[in-house]
Amino acid sequence: MKKNLFVIIGTFLIIIAILFYTYYSYQKMQSIAQQKNKQYESYTQSEILGSSLMSLIHKAIDENEKNEIEKDEQNRYIENEENSIRIEVKFIEADTTFPMEAIYTLGAEEFIKNYNHMAFICTKKEYHEKTKQIKYLLFEQI
């Protein structure tokens, strides 16, 4: 009888520990998502200049490198389900959308020289379903 009671209590404690760990992991994941989203969403609230957009592109590329996001044959980051970030920029004069990797490859100095005082606005943002972190931002030149 005593042995059965210890087994039941032990099992109950293990279940409670698992539930607390699951809840803690979920809360931690939500906190990380909120922090990362806050960094990126500060750029999406209003118009930004080209220099700020280039800073955001640098941040996204650094984040993708830190998270070891793989690249495809065109040297673009491959979207994953957790923490990849993709930024695209649509320019008025070209009426085409360029990925952040193309802008980064052409050079920050050149971009800032040509678009430093131009205004851009975020017209689209998407989130990863699994982690709720930002996965895609589209900026358009005004």
Farthest positive-ward along the chain dipole, Cα basis, beta-carbon charges - from C122, Q35, L106: Q35
Per residue of the range 5-16, in order, report the coupling 6.51 cos²θ - 1.76 cosθ + 1.60 (Karplus, θ = phi - 60°) as ³J(HN,Hα) in whole Hz, putting x for Gly and Pro. 5, 5, 5, 5, 5, x, 4, 4, 5, 5, 4, 5
Pairs from K36/K90; K59/K132; K59/K135; K59/K125 whose Cα-Cα separation, in the structure shown, is over 21 Å: K36/K90
Hey, with R₀ at 30 Å, roughly what FRET efficiency would E110 and D72 work out to, going by the Cβ-Cβ distance, to 0.05? 0.80
Only one of the values [x] 94, 22, 13; [y] 30, 17, 14; [z] 45, 15, 11 was calculated from this structure for semi-axes √(5λ) of the Cα gyration tensor in Å; name its label. [z]
In debye to the nearest 20, the charge dipole size for the range 2-141, taken about the Cα centre with +1 at each Lys and Arg Cβ and -1 at each Asp and Glu Cβ, equals 1120
Cα→Cβ-extended label distance, 7 Å offset, between L13 and M118, nm: 6.5
Between S84, S52, I16, whose Cα lies farthest towards the positive end of the dipole of the chain when Lys and Arg beta carbons carry +1 and Asp and Glu beta carbons carry -1, centred on the Cα centre? I16
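We did not get these values from a lab; they are worked out from the coordinates using the rules stated. Predicted, not measured: the structure shown is a model, and the values here were computed from it. Neighbour counts run over all protein chains shown; Cβ positions are idealised from the backbone, glycine included.
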